[in-house]
Amino acid sequence: MAAAKAPKWIERRYSVLWDEFKDSSFRMEDAVRVLVERNKDREEEVPVYLSELRKVGWLRSELDPQDARKRIYTLKKVYKDIEDLIDTSTTEITRSEIDALLKKAADLIRTRVDYSFILILLFLKRISDKWELDFQKAKEEAMEDGLTEEEAEEEAKNAAYHDFDFPEEYLWDNIRKDVSTLPEKLSEALKTLAERNKELKDVIDNVDFIQFTTSRENAEILRQLVELFSVRKLHHVSPDVLGDAYEWVLGYFAPQKAKEGEVYTPREVIRLLVEILDPKPGESVYDPASASNGMLIVSYKHVEAESGKSEADKLFLFGQEANHKTLALGRMNLYIHDIKNHNLAYGDTLLYPKFKEGERLKQFDVVIANPPWNQDGYEEERLKKGDFWKSRFRYGFVPKQSADWAWIQHMVASAKDDTGRVGVVIDNGCLFRGGKEKAIRSAMLEDDLIEAVLLLPEKLFYNTGAPGAVIILNKNKPEDRKGKVLFINASGEYEKHPDVRKLNRLGDKNIQNIVKAYQEFDGGDGFARAVPLEEIKENDYNLNVTLYVFPEEEIEEIDVEKEWNELRIIEEEIAGVEEKIEGYLREIG
């Protein structure tokens, strides 16, 4: 049966009790022990929780046959098993089924466990199932070539037939055989895989399942997660379905992780940026703040949708990320999406960019990013300690409290002179702040690098309600765009987020409207306008979008005579009512 509606605090206690007792009976003192020990509840509160569980129908209560003064409790099963949600009779798992599996996993861990455990297990299960599939295929081909079954099995284990060198003892079904050794086996598996596959180094070996399961509660969560992922094989899941599932996990936990400082760029914002920059087969795309690699994945999917997978595979993808854990999750994300033509690097981009050509910075066709907004600590003295600082920060140095224009300058320096297009999602304040930022902004405007500035709607991002902006820069503007900047006021281009009550999002129609205005380099009705550089200079190089385009409000025409007549009628009706009330008051004296 599906779960009845209940407050989160009741769901939490139900989950703790179910983990302990399942559908076995227990007494009040048992419930007290579990909730006090595992959920830090107070003993006197436990009867209240049991009472609430009975009210929502999640708990049965009956007299204790051994002591009529006491009661025995039994929890009802209120959530469907994953087996009920997934049709195990078919070979290929569907999008809705993988979604159901991950939602069950997310519900299981809630906010108690880092979401990366779900992603690591999903990744390990995928590569394990894929190894088995490739093994079977290679074995059959070897036997067709005349090898005995034993010889064919040995041949099929060769790493040449597989994406990864994967020892059989660490295949998923071998790991889960003994529940008591799950943490050790998982940790050994991840460590061994990282040692035998250099591309997995620092990707899957930074999760410590042994440390994680030192608490009894976490050990049970791990057991349930492993069993959850064991329901179906993942080798026949398409990369699109599995990739979307991976992205769903990132998005689902984004509000929680935003409170911890992690930045998640909504995929609709990335789609907008990619549609504007329009990467082509054979081009290179670079994200200097790559995080989970959403920018690179959406760029790949854009080319795939336009020209097919074979052409998308000709795209060269590059990314650099300063957070080890985030970089690891990003590597897994690319693999899950079956995107192999990529080059990712670890390090602080503003100080030590990793992509070079000889003694100079490597340049790309498309440079795209949502770098940390208003990142502090990158003043002149520090940036001068980094690589290629003269060529990268030629327009000036940023104030200590905000590196926004340092990121933008790095991105421009990383773009090719002939085909280089740059798109950056950035804090709206960098468009109009003075001081050092104004000096950089004015110099880049004078060099005619800024092609478009776009004001986004508010409440698009999980970590801030601020609207944010998009700046498009072009080292080789078309002739008809030179000496101008296109301003787009998209503050009203949004729809309510379907899952997160306080958020907005860009809908398909919103994205189309914005991209169309960019492509036409014009607009109307206060939505978009190409502004000559002279006008921007008059505004002291201020790029605040609302200075140049502001949605025109419809002015309602008022029929004064009609409104006056209606007001007179209302006043006469009020006078009549007042006269009746006075009469009633006189009657009751």
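The values are calculated or read from the model by the stated rules, or taken from the named source; none is laboratory data. Computed from a predicted model, the values in this text were never measured in an experiment. Cβ: placed from backbone, ideal geometry, glycine included. Neighbour counts: every protein chain shown.
D427: among the acidic types (D, E), in contact with a strand residue (DSSP E or B) (Cβ under 8 Å, 6 or more places away or on another chain), surrounded by 17 or more Cβ atoms within 10 Å (Cβ to Cβ) and more than 21 Å from Y518 (Cα to Cα), yes or no?
The answer is no for D427.
Could you list, ordered by first residue, the pairs with Cβ atoms under 6 Å in which the first is in the range 201-225 and surrounded by fewer than 18 Cβ atoms within 10 Å (Cβ to Cβ) and the second is in a loop (DSSP other than H, G, I, E, B), at least 6 apart or interchain?
A219/T213
So which of K475, K436 is surrounded by fewer than 22 Cβ atoms within 10 Å (Cβ to Cβ), within 25 Å of K400 (Cβ to Cβ) and not aromatic (F, W, Y)?
Among K475, K436, only K436 is surrounded by fewer than 22 Cβ atoms within 10 Å (Cβ to Cβ), within 25 Å of K400 (Cβ to Cβ) and not aromatic (F, W, Y).
Give the number of residues within the range 413-433 that are farther than 17 Å from P288 by Cβ and of a type outside the set (F, W, Y).
Total meeting the criteria: 7.
Please verify whether A403 is farther than 21 Å from K475 by Cβ, among the small types (G, A, S), surrounded by 21 or more Cβ atoms within 10 Å (Cβ to Cβ) and at pLDDT 95 or above, treating the condition exactly as stated.
yes
Anything in the range 330-354 that is among the hydrophobic types (A, V, I, L, M, F, W, C) and either assigned to a strand (DSSP E or B) or closer than 23 Å to I426 by Cα (or both)? List them, or say none.
If the condition is that a residue be among the hydrophobic types (A, V, I, L, M, F, W, C) and either assigned to a strand (DSSP E or B) or closer than 23 Å to I426 by Cα (or both), then L344, A345, L350, L351 are the ones that fit.
Suppose we keep only residues that are surrounded by 20 or more Cβ atoms within 10 Å (Cβ to Cβ) and of a type in the set (F, W, Y) within the range 355-386. Which one would you say is nearest to D427 (Cα to Cα)?
Going through the qualifying residues, I end up with W373.
Is it the case that Y246 is in the same structural domain as V453 (by TED's automatic domain parsing) and among the aromatic types (F, W, Y)?
No: the conditions fail for Y246.
Hey, can you tell me all the residues within the range 274-301 that are surrounded by 24 or more Cβ atoms within 10 Å (Cβ to Cβ), of a type in the set (G, A, S) and more than 15 Å from the chain's Cα centre (by Cα)?
Matches in the range 274-301: S299 only.
For H410, only one of the following conditions fails: (1) free of Cβ contacts under 8 Å to residues at least 24 places away in the same chain; (2) closer than 22 Å to G294 by Cα. What is its number?
(1)
Mind checking which residues of the range 280-296 are part of a loop (DSSP other than H, G, I, E, B) and on the phi < 0 side of the Ramachandran plot?
Answer for the range 280-296, where residues must be part of a loop (DSSP other than H, G, I, E, B) and on the phi < 0 side of the Ramachandran plot: K280, P281, E283, P288, A289, S290, S292.
Would you check if there is a residue in the range 137-157 being under 35 Å from the mean Cα position of the chain (by Cα) and either small (G, A, S) or at pLDDT 95 or above (or both)?
No; the residues of the range 137-157 include none that is under 35 Å from the mean Cα position of the chain (by Cα) and either small (G, A, S) or at pLDDT 95 or above (or both).
Being in the same structural domain as F364 (by TED's automatic domain parsing) and under 20 Å from G468 (Cα atoms) is true for just one of S307, S284, S290. Which residue is that?
None of the other options fit; the residue is S290.
Anything in the range 43-77 that is part of a loop (DSSP other than H, G, I, E, B) and in contact with a helix residue (DSSP H, G or I) (Cβ under 7 Å, 6 or more places away or on another chain)? List them, or say none.
Listed by number, the residues that qualify are V56, W58.
Can you tell me how many residues within the range 164-190 are surrounded by fewer than 14 Cβ atoms within 10 Å (Cβ to Cβ) and either at pLDDT 90 or above or closer than 20 Å to A328 by Cβ (or both)?
3
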